[in-house]
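Participant: The structure that follows is given in the form of structure tokens.
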Amino acid sequence: MTSSSSFAGVWCPSITPMDSEGSLDVNGLETHLARLTDARIDVILLMGSIGEFASFSLEERLTLIRKARLMSPLTMVANVSSTCLRDVYLMAQEAHDAGYEAVMVLPPYYYGQTPNQVLSYFREIGSKMAGKWFAYNFPARTGCDISPEIAAKLAAEFPQFAGIKDTVDCQSHTRNMILATQAVRPDFAVLSGYDEYFIPNLMAGGAGVISGLNNVMPELFVQAREAWKKDDLQTLIHAQQEIGRFMAIYAIGDDFVTTIKTVVSRKFGYCTPVSRNAGGVLTAEQLSQVDKQFGIH
């Protein structure tokens, strides 16, 4: 990888398996994380957006933090985002004690945030965190943007600020994020939050991708990672085309989390398709689509 970050490469924002009643399925999670580990990805992100963090109680989130760390030897990062800062710090300390390599934090959401508020918030986060931390930039969900300028200021001020997930459907935004942060911290990891920007991210000098498709086909992204290391252009072209083709998963159904869980359930069989998001159950026609798209027989 071009990045010097120890967090570079292929990340999976893991689904959180549930039973038919919507309760946490710890055994299903263990099986899922074992499959990701066997696929040789680099980092597991616990309770990201696809992991449905916003649907869990604080008690459930603390339980997941404690139990999941024991399920894989891979580098693990826990998303500890919350609108309650006390909960952020409590989960971050739990993750630190449990042996996570880092935590991830969204900016405040619901209330609109000015750039100065975003900077002030993360300065407070940076002053309180005991270990490494990532920022999670998802303007479509939070209503505010962690700009490249803000990220660069924070990277220069806080050595423990390890990187950022830039979930912006615009490669130039991520490119500018890479350029701004690399100017102050060569070890700072800028990760794309959109699957199809993995290879463009690497080409721009970024650290990799946090890709929901890795729940289904981590082998494809690992193949691309290895092709990048070997300057294997033909394999990279093929991987980019395949990733683009499978991006169709995000357009099937009303809730992409339920769709991804449905594909995992139908293809691998160790978890249910149940999500806590409303209205996402796929129709018979949509099930036929995913079966055809992902070779499920």
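The values are calculated or read from the model by the stated rules, or taken from the named source; none is laboratory data. Bear in mind the structure is a predicted one, so any value in this text is a computation, not a measurement. Counting neighbours? That spans all protein chains shown, and the Cβs are built from the backbone with ideal geometry, glycine included. Surface accessibility is based on the protein's heavy atoms, side chains included, excluding ligands, DNA and RNA. Shrake-Rupley method; radii C 1.70, N 1.55, O 1.52, S 1.80 Å.
Participant: Please go through region 5-18 and pick out each residue that is polar (S, T, N, Q), over 13 Å from Ser275 (Cβ atoms) and at pLDDT 95 or above.
Facilitator: Residue satisfying the conditions is Ser14 alone.
Participant: If you scan region 126-141, which residues turn out to be among the hydrophobic types (A, V, I, L, M, F, W, C), under 21 Å from Gln113 (Cα atoms) and surrounded by fewer than 16 Cβ atoms within 10 Å (Cβ to Cβ)?
Facilitator: Correct list: Ala140 only.
Participant: Look at region 75-125 and say how many of its residues are acidic (Asp, Glu) and either open to solvent by less than 40 Å² (accessible area, probe 1.4 Å) or within 21 Å of the chain's Cα centre (by Cα) (or both).
Facilitator: Counting residues in region 75-125 that are acidic (Asp, Glu) and either open to solvent by less than 40 Å² (accessible area, probe 1.4 Å) or within 21 Å of the chain's Cα centre (by Cα) (or both) gives 3.
Participant: Restricting the search to region 183-239, which residues are touching a helix residue (DSSP H, G or I) at 6+ places or on another chain (Cβ under 6 Å), free of Cβ contacts under 8 Å to residues at least 40 places away in the same chain and among the hydroxyl-bearing types (Ser, Thr, Tyr)?
Facilitator: Residues satisfying the conditions are Ser192, Tyr197, Thr235.
Participant: Given the criteria of a type in the set (D, E, K, R), in contact (Cβ under 8 Å) with a residue 40 or more places away in the chain, open to solvent by 30 Å² or more (accessible area, probe 1.4 Å) and assigned to a helix (DSSP H, G or I), does Lys267 qualify?
Facilitator: Numbers: of a type in the set (D, E, K, R): yes; in contact (Cβ under 8 Å) with a residue 40 or more places away in the chain: yes; open to solvent by 30 Å² or more (accessible area, probe 1.4 Å): yes; assigned to a helix (DSSP H, G or I): yes.
It is true that Lys267 is of a type in the set (D, E, K, R), in contact (Cβ under 8 Å) with a residue 40 or more places away in the chain, open to solvent by 30 Å² or more (accessible area, probe 1.4 Å) and assigned to a helix (DSSP H, G or I).
Yes or no, residue by residue, for (1) buried (at least 16 other Cβ atoms within 10 Å of the Cβ); (2) within 17 Å of the chain's Cα centre (by Cα); (3) assigned to a loop (DSSP other than H, G, I, E, B); (4) at pLDDT below 95:
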position: Ser3; (1), (2), (3), (4): yes, no, yes, yes
position: Ser20; (1), (2), (3), (4): no, no, yes, no
position: Glu30; (1), (2), (3), (4): yes, no, no, no
position: Ile41; (1), (2), (3), (4): yes, yes, yes, no
position: Glu59; (1), (2), (3), (4): no, no, no, no
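Participant: So which of Phe122, Phe198, Phe188, Phe161 is closer than 30 Å to Ala251 by Cβ and of a type in the set (A, V, I, L, M, F, W, C)?
Facilitator: After applying the criteria, what remains is Phe198.
Conditions tested, residue by residue: (1) among the charged types (D, E, K, R); (2) under 20 Å from the mean Cα position of the chain (by Cα); (3) closer than 19 Å to Thr37 by Cβ.
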residue	(1), (2), (3)
Pro200	no, yes, no
Gly206	no, yes, no
Gly212	no, yes, yes
Tyr250	no, yes, no
Asp255	yes, yes, no
Gly269	no, no, yes
